[in-house]
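Contents: one structure, followed by commentary.
The values are calculated or read from the model by the stated rules, or taken from the named source; none is laboratory data. Note that the coordinates shown come from a computational prediction; the quantities given were computed from them, not determined experimentally. Every residue, glycine among them, receives a Cβ derived from its backbone with ideal geometry; neighbour counts consider all protein chains shown. Surface accessibility is based on the protein's heavy atoms, side chains included, excluding ligands, DNA and RNA. Shrake-Rupley method; radii C 1.70, N 1.55, O 1.52, S 1.80 Å.
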Amino acid sequence: MASDNTSRGFTSNVGAILAAAGGAVGLGNIWRFPYMLGQNGGGAFLLVYILFVLLIGIPLMMTEFIIGRRSQRNVVGAYRSLSGGRKGWVLLGVFGILAAFLIYAFYSVVAGWTLNYIVMAFSGKLAGLEPAAVADTFSTFTQGSFWPLFYQLLFLVLTGLVITMGVQKGIEKVGKILMPILFLLLILMCVRSLTLSGSSEGMRFLFKPDFSKLTGQSVLSALGQSFFSLSIGMGAMVTYGSYIRKEDRLFKTSIWIALCDLLVAILAGVVIFPAVFAFGMNPASGPELVYVVLPNVFNNMPAGTLFAVIFFLLLGIAALTSTISLLEIIVAFAVEELHWKRSTASAVSTLLVFAVGAFCTLSFGPLKNVTLLNRTIFDLFDLITASYLMPIGALLMTIFLGWCFPKVEVKDELSNGGTLKCKAFELYYIILRYIAPAALVVIIISGIVG
Ligand code: TRP
């Protein structure tokens, strides 16, 4: 699509931050983070998580931005151009596209659920149900075929339409509109949750670390979660990095995005745990936490229907800005490398993702018994991407930029051609070369062994 603006990318730094924060903030923050924290003992998990975000997450996000902005290309084009066309590195880009495709396929299932829950909350279908009936509603819906597929496709089409509108009029604009709304709704939910009597126990669970509950496995989960949440390891931020203006500061931009992402995860915890504890529900119930436990919580609180609508709307908005970033990885590749029209690329990718993603949806119902290593198709996609593809992609990326690319060029990009002081550059470079790869090797190996 022809752009009426001089640049091909984002028009402002705020626009870039909101769009990329939209890509980062998603189901990972509001659905996955709370249930993982619930299963891993609370406060101690949060502390480890924060440490990983600051120490490894932010430097890796900067790394993706450097690769993207330096090359001005999609993830395949970026590795091709920066490596001088070496096949191995081009493959790393292809690997990123593949990973994005797989994540999008299972992510869109849960994204579709949010639409169903918005409709159900709005029409009052969840109100007044007994806990057993709430659980039943969830399993009946997810085990079905037509409706889960319908909502998944609806979500995919919605995302496809935004992407068709382009980087400035689609991605950036939607980020600028939806992210402030998301924060507003989230704060509203926090106030509701904190004013329930008995909410302090939930706050203690979230913020008071009990290190005896921390296992090696939960430390790894915290690291994996930080990657998933920050969208690191497969080229989403390379693609968005290629849209960041040359005069913007990559260091500052990454910190803002990571802090937004962290803040939303913590606020989601503040919404969920005080309420869960106030009504004596189980914080460790896993992936069903927001779909089964929360509706019960809403049923117990004054104006619960209203807050149920707000909550699922919030979840849907968070999911949409993330599916946009997932589809853009694929579409930017098809447009820049294969020279497809943006609308064609977006339509074809959407259909392909649906063709594969439908199996993920059906793996809750008709295909429940199709398993490998005791996991359903949905679980396999989640496991393969979050535990293997993302850390492996991130490891290879650090090797590329830290060991196979001139240090002066890395510094040049980060300091905007030497115009910024960049005091932390040496620290960043040490993390890039040694600390991040070492941490990544540990996760990858323990993922394989454990
Ligand atoms: N970070 C998003 C979330 O927390 C998920 C996501 C969007 C993602 N784009 C990604 C994860 C790219 C990995 C890579 O919900």
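Mind listing just one residue for me: the one in the range 304-317 that is of a type outside the set (Ser, Thr, Tyr) and over 14 Å from Phe155 (Cβ atoms) and, of those, nearest to the ligand (Cβ to nearest atom)? Before you say what the answer is, go through the steps one by one.
Applying the first criterion (of a type outside the set (Ser, Thr, Tyr)) to the range 304-317 yields 304, 306-317.
After this cut, where a residue has to be over 14 Å from Phe155 (Cβ atoms) as well, the list is 304, 306-311, 314.
On the way: Gly304: 26, Leu306: 25, Phe307: 22, Ala308: 21, Val309: 21, Ile310: 19, Phe311: 16, Leu314: 13 Å.
Residue satisfying both the conditions and the ranking: Leu314.
Would you mind stating whether Phe155 is within 16 Å of the ligand (Cβ to nearest atom), in contact (Cβ under 8 Å) with a residue 12 or more places away in the chain and open to solvent by 40 Å² or more (accessible area, probe 1.4 Å)?
Values: within 16 Å of the ligand (Cβ to nearest atom): yes; in contact (Cβ under 8 Å) with a residue 12 or more places away in the chain: yes; open to solvent by 40 Å² or more (accessible area, probe 1.4 Å): no.
Spelling it out, it is not the case that Phe155 is within 16 Å of the ligand (Cβ to nearest atom), in contact (Cβ under 8 Å) with a residue 12 or more places away in the chain and open to solvent by 40 Å² or more (accessible area, probe 1.4 Å).
Just to be sure before I move on: is Ile329 within 16 Å of the ligand (Cβ to nearest atom), open to solvent by less than 10 Å² (accessible area, probe 1.4 Å), under 24 Å from Ile232 (Cα atoms) and part of a helix (DSSP H, G or I) in the structure I sent? I'd like the intermediate steps shown before the answer.
Working: within 16 Å of the ligand (Cβ to nearest atom): yes; open to solvent by less than 10 Å² (accessible area, probe 1.4 Å): yes; under 24 Å from Ile232 (Cα atoms): yes; part of a helix (DSSP H, G or I): yes.
Criteria met by Ile329.
Show me the helices (runs of 4 or more DSSP H) entirely contained within the range 16-105 in which 2 or more residues are within 14 Å of Thr239 (Cβ to Cβ) and either in contact (Cβ under 8 Å) with a residue 40 or more places away in the chain or within 14 Å of the ligand (Cβ to nearest atom) (or both). Break it down stepwise before answering.
Values: elements: 33-39, 43-52, 58-71, 75-83.
Ranges flagged: 58-71, 75-83.
Given the conditions (1) under 29 Å from Val162 (Cα atoms); (2) small (Gly, Ala, Ser); (3) modelled with pLDDT under 95, report the number of the one that Ser343 does not fulfil.
With (1) under 29 Å from Val162 (Cα atoms); (2) small (Gly, Ala, Ser); (3) modelled with pLDDT under 95 applied to Ser343, the lone miss is (3).
Of all residues in the range 277-290, which are over 23 Å from Ala111 (Cβ atoms) and either among the basic types (Lys, Arg) or part of a helix (DSSP H, G or I) (or both)?
Of the range 277-290, the ones over 23 Å from Ala111 (Cβ atoms) are 277-284.
Scanning the range 277-290 gives Phe277, Ala278.
I want to confirm something. Restricting to the range 190-232 and keeping residues that are open to solvent by less than 50 Å² (accessible area, probe 1.4 Å) and part of a loop (DSSP other than H, G, I, E, B), which single residue is nearest to the ligand (Cβ to nearest atom)?
Among residues in the range 190-232 that are open to solvent by less than 50 Å² (accessible area, probe 1.4 Å) and part of a loop (DSSP other than H, G, I, E, B), the one nearest to the ligand (Cβ to nearest atom) is Ser231.
Between Leu338, Leu389, Leu320, Leu395, which is open to solvent by 10 Å² or more (accessible area, probe 1.4 Å), within 12 Å of the ligand (Cβ to nearest atom), modelled with pLDDT of 95 or more and among the aliphatic types (A, V, I, L, M)? Please lay out each step first, then the result.
Numbers: Leu338 fails: within 12 Å of the ligand (Cβ to nearest atom); Leu389 fails: modelled with pLDDT of 95 or more; Leu395 fails: within 12 Å of the ligand (Cβ to nearest atom).
One residue alone meets the criteria, Leu320.
If I go through the range 408-433 residue by residue, how many of them are surrounded by fewer than 14 Cβ atoms within 10 Å (Cβ to Cβ), in a helix (DSSP H, G or I) and without any contact (Cβ under 8 Å) to a residue 24 or more places away in the chain? So that I can check it myself, show each step before the final result.
So the first thing to find is which residues in the range 408-433 are surrounded by fewer than 14 Cβ atoms within 10 Å (Cβ to Cβ), and the list is 408-409, 417-419, 421, 423-424, 426-427, 430.
Next cut, in a helix (DSSP H, G or I) only: 408-409, 426-427, 430.
With without any contact (Cβ under 8 Å) to a residue 24 or more places away in the chain added as a condition, the list becomes 408, 426-427, 430.
Residues that pass the stated criteria total 4.
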